[in-house]
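Take a look at the structure set out below.
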Amino acid sequence: MLEPSGNPLPEAARAAGLGGRLSAQQGVSGVSAPAQAPRQAFLNRYCIRCHSERRQVAGLALDNVDLGNVGAEAELWERVVRKLRVGVMPPFGQPRPDAAARDTFVSWLEGALDRAGAATPNVSRPFIHRLNRLEYANAVRDLLALEIDGRALLPADESAYGFDNIADVLTVGPALLERYLLAAKEVSRLAIGTAGNRGDRTYDIPLALSQDGRMSEDLPFGTRGGVSIRHHFPLAGTYVISVGLRRQVIGLGGDIRGLDPNEQIDFFLDGVRVQSFDFADERFELRRTRARGVTGSLEGTDDRDALLHVRLPVSAGAHQVGVAFAPASNWYVEGVGPSRLPLASYSYNTGIDTSVEHGRIRSAIARLRIAGPFAAHLRAESPSRRRVFVCYPADDAGEEPCAREILSGLARRAYRRPLGDGDLDELMAFYRTGRAEADFEAGVRRGLERILTDVEFLYRIERTPPDAAAGEVYRITDMELASRLSFLLWSSIPDDGLFELADAGMLQDPAVLEQEVRRMLADPRSEAFARSFFGQWLHTRNLAAAVPDVNVFPEFDENLRAAFRQETELFLENQLREDRSALELLSADYTFVNERLARHYGIPGVNGSHFRRIELADDRRRGLLGQGSVLTITSYAHRTSPVLRGKWVLENLLGMPPPAPPPDVPPFPEADEASEPRSIRERLERHRQNAVCASCHAQVDPLGFALEHFDGIGGWRDTEAGRPVDASGEFLGAARFDGPSGLRRLLLQHREEFVRTLTEKLLTYALGRGVEHADMPVVRSIVEDAESTGYRWSSLILGVVHSPSFQLRRFEP
């Protein structure tokens, strides 16, 4: 046990990296009054005028504080530190200290707060923490070698502090409990391979998805259009895979469009072509069946795509299913290939698909359907059955011992702890019920269903030592540390290697722990961390819900949306995989593009649908600020928004979210072709003439103006509303900048604030709770230690993992 709360915790301080910053002569206070005189003078000159007991602007009163014991009012002083570091205070127009005086005061204040925080680190954390939907799906995958669609089984999770893994909001009500029971039944049936499971599903292809090029890395080079999806086949058996083709009039039927006798359509399973249909075949000559049309009269219906199906045997498990048009007979207009022409557009207003190339409409896939199994083969081999049935009884006498071996192995990994006798006895009771109803496999399925509904699987539970006293700080067990680590980096349960180290008690060794962190970051499962953490911190998850107005941005389609998403995902995954500096989120001179995205960005010499890393020729697109995903989610459907973009920078990059607008704020004036002003900048300047709006917009708008060269979907522009774009700005009345490159330089001048904000977000995600003022000493320690490495990702993540916040708990009965 460590010492109770309130006494010095040297081990906690060392774990936080704070030990080297303290000396035997430095206490929480202990500074003489004469030494405080310059600091008091700083407050008197720059702060007391507004933040006194009489005025209390923003609820701050600093005229009666004790500078000799800042730890007693740490929450107040952490607010002061944040405002001074960014330069928000003192406000423009008031006396402001020079950079040296400000840094001297802030450095002293942070040091005093860190000394106070080292004695009593904030190690509070919920002792029970429900798995969110992503974690549930990943845990099932790693426990049972079974890929499931969590979105089909469970509802979306609530979020807080910007993340959906926050323990306090991950509650369970009756409706969610019922969904968990149904999910457990479905998952256990899929894992065992029970009769009656169906794999029927229809995949609709978005109408705004252009199919003029190769659509996926999972489809062969030279193909055009189509789709490739990963589908789970519940049982081994015969399945029917079919496609429907787009009609000439979307939503109204009509003839199949653009069926070219020089093309064929190919079906693929796991990259192998299993069937081809040649449109030159006489079966594909236009034929009609009698059907009642939209007008009520009998008319002909083109049903040629009814021929496009293949019946084939498929083994149980996840497989890649693809369908695409094979290369045509190279009908090119002289000098121009089809993939080099401007993208076709889709009219949302009329519902008419207008994609035309060389004056002809090209055929496209509208949907892919998978049906079956027919003539299923029960108990055929599958990845999940191999994972579950580690043994199989030869006779009745061997059933119970085998069932105990199966269920104990599954439960140990699912519960993430060693099992007690009572755990296995309960599972065996469920096994016997299922065995009595049917057979051995039914019994195992019933036991597995019980595991998947157990609170120890659905929740991460950390137990308090039986001899712990109220308020006592203690180190969590190796098994609990393994679980914290795996859910941080993989959003899933520990693997066998992590379990073995935890069983041996080796994770407390800092060198072993660091080795495991690096191993886990190199594992493909760390993609879950990159997509979940970055997607929520940077809000790029919202890209799926963005709906740009096609009348304003006719070049936007689903291909471009997918390219935006993949560029950012590849960029962030590369950051972790190559252990780059976190500052490259702002300054990276490279990105990942395919032909579609490169054409949108105006980057020449990129051909083909596959993504590749390129060096950026100029600084327009460097870092996240030049990526279409960020620029689209910070725009409205019909125009850019300097307010949204400026708020995104302040909140996510500088950790200074602006206050919410007052309820009586006047609406933003939309453009009127017949009136002035017309540009967004001019309209915002008029909007700021209202005193209620001016104070906040003065901080937010200039940061957004710097990105006005990018339109609402990230395309570069030099004019807006017929006038040259003015992308200049001034931050807090001091630093001037112009355009995205100027804003990037400004942010890099505030690199400590940026890395501190990133670390706060990372700590929030790792702990599953909001970061409080008492966590700031740990945050500063992580940032300070990472500075020597250039703020590499491994240093920041290891700083979080080695921190007392991650490894310690306080008993709070």
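The values are calculated or read from the model by the stated rules, or taken from the named source; none is laboratory data. Here the structure is a predicted model, which means the values were calculated and not measured. Note: ideal-geometry Cβ built from the backbone for every residue, glycine included; neighbour counts use all protein chains shown. The area values use the complete protein model at the heavy-atom level, side chains included, leaving out ligands, DNA and RNA. Shrake-Rupley method; radii C 1.70, N 1.55, O 1.52, S 1.80 Å.
Quick one: would you say Thr202 is polar (S, T, N, Q), open to solvent by less than 30 Å² (accessible area, probe 1.4 Å) and farther than 30 Å from Thr764 by Cα? Against the criterion (polar (S, T, N, Q), open to solvent by less than 30 Å² (accessible area, probe 1.4 Å) and farther than 30 Å from Thr764 by Cα), Thr202 does not qualify.
Results for (1) open to solvent by 30 Å² or more (accessible area, probe 1.4 Å); (2) farther than 18 Å from Ile128 by Cβ, shown as yes or no for each residue.
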residue: Pro465; (1), (2): yes, no
residue: Ala468; (1), (2): no, no
residue: Trp490; (1), (2): no, yes
residue: Asp495; (1), (2): no, yes
residue: Leu501; (1), (2): yes, yes
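Here Arg198, Arg151 are screened, and the one residue that is touching a helix residue (DSSP H, G or I) at 6+ places or on another chain (Cβ under 9 Å) and not acidic (Asp, Glu) is Arg151. Checked against (1) assigned to a helix (DSSP H, G or I); (2) over 16 Å from Glu110 (Cα atoms), Arg769 passes all but a single condition, namely (1). Residues in region 76-89 that are open to solvent by 10 Å² or more (accessible area, probe 1.4 Å), free of Cβ contacts under 8 Å to residues at least 60 places away in the same chain and in contact with a helix residue (DSSP H, G or I) (Cβ under 6 Å, 6 or more places away or on another chain): Met89 only.
Listed here are the helices (runs of 4 or more DSSP H) enclosed by region 407-469 that have at least 2 residues being under 19 Å from Ser483 (Cα atoms) and not aromatic (Phe, Trp, Tyr): 440-452, 455-458. Scanning region 14-37 for any residue that is at pLDDT 70 or above, of a type in the set (A, V, I, L, M, F, W, C), surrounded by 17 or more Cβ atoms within 10 Å (Cβ to Cβ) and part of a helix (DSSP H, G or I) turns up nothing.
The combined condition, being open to solvent by less than 60 Å² (accessible area, probe 1.4 Å), closer than 24 Å to Gly768 by Cα and touching a strand residue (DSSP E or B) at 6+ places or on another chain (Cβ under 9 Å), is not fulfilled by Glu456.
Flag set for Asp114, criterion: part of a helix (DSSP H, G or I), acidic (Asp, Glu) and over 28 Å from Arg385 (Cβ atoms).
Under the condition of being open to solvent by 20 Å² or more (accessible area, probe 1.4 Å) and either on the phi > 0 side of the Ramachandran plot or not in a helix (DSSP H, G or I) (or both), the residues counted in region 473-485 number 2. Looking across region 414-434, the residues that are in contact with a Gly (Cβ under 8 Å, 6 or more places away or on another chain) and either surrounded by fewer than 20 Cβ atoms within 10 Å (Cβ to Cβ) or not small (Gly, Ala, Ser) (or both) come down to Leu427, Met428, Phe430, Tyr431, Arg432, Thr433. Considering region 436-445, and only residues there that are among the charged types (D, E, K, R) and either touching a residue at least 60 places away in the same chain (Cβ under 8 Å) or crowded, with 22+ Cβ neighbours inside 10 Å (or both), the residue that is farthest from Glu178 (Cα to Cα) turns out to be Glu441. The one condition from (1) modelled with pLDDT of 95 or more; (2) open to solvent by less than 10 Å² (accessible area, probe 1.4 Å); (3) within 29 Å of Phe92 (Cβ to Cβ) that Gly768 does not meet is (3). Residues in region 128-148 that are crowded, with 21+ Cβ neighbours inside 10 Å and either small (Gly, Ala, Ser) or at positive phi (or both): 2 in all. The set of residues in region 588-618 that are open to solvent by 60 Å² or more (accessible area, probe 1.4 Å), part of a loop (DSSP other than H, G, I, E, B) and on the phi < 0 side of the Ramachandran plot comprises Asp589, Pro604, Asn607, His610, Ala617, Asp618.
Residue pairs whose Cβ atoms lie under 7 Å apart, separated by 6 or more positions or on different chains, with the first residue in region 367-394 and outside any strand (DSSP E or B) and the second at pLDDT below 95 and surrounded by fewer than 17 Cβ atoms within 10 Å (Cβ to Cβ), are Leu378/Ala195; Ala380/Ser315; Ser382/Ser315. If you check Arg130, Arg115 for being modelled with pLDDT of 90 or more and closer than 30 Å to Glu158 by Cα, only one passes: Arg130.
Scanning region 176-193 for residues that are over 30 Å from Ser124 (Cα atoms) and of a type in the set (A, V, I, L, M, F, W, C), we see that the one that is surrounded by the most Cβ atoms within 10 Å (Cβ to Cβ) is Ala191.
Residues of region 552-606 that are touching a residue at least 60 places away in the same chain (Cβ under 8 Å) and among the acidic types (Asp, Glu): Glu555, Asp557, Glu558, Glu567, Asp579, Glu595. Filtering region 384-413 to residues that are within 16 Å of Asp454 (Cβ to Cβ), open to solvent by 30 Å² or more (accessible area, probe 1.4 Å) and of a type outside the set (Lys, Arg) leaves Ser408, Gly409. Each residue in region 42-58 was checked for being assigned to a helix (DSSP H, G or I) and open to solvent by less than 50 Å² (accessible area, probe 1.4 Å), and 3 pass. Among the residues making up region 97-127, none is of a type in the set (D, E, K, R), open to solvent by 60 Å² or more (accessible area, probe 1.4 Å) and touching a residue at least 60 places away in the same chain (Cβ under 8 Å).
The residues listed here are Arg246, Arg230; of these, the one that is out of contact with any Pro (no Cβ under 8 Å at 6 or more places or on another chain), open to solvent by less than 40 Å² (accessible area, probe 1.4 Å) and of a type in the set (D, E, K, R) is Arg246.
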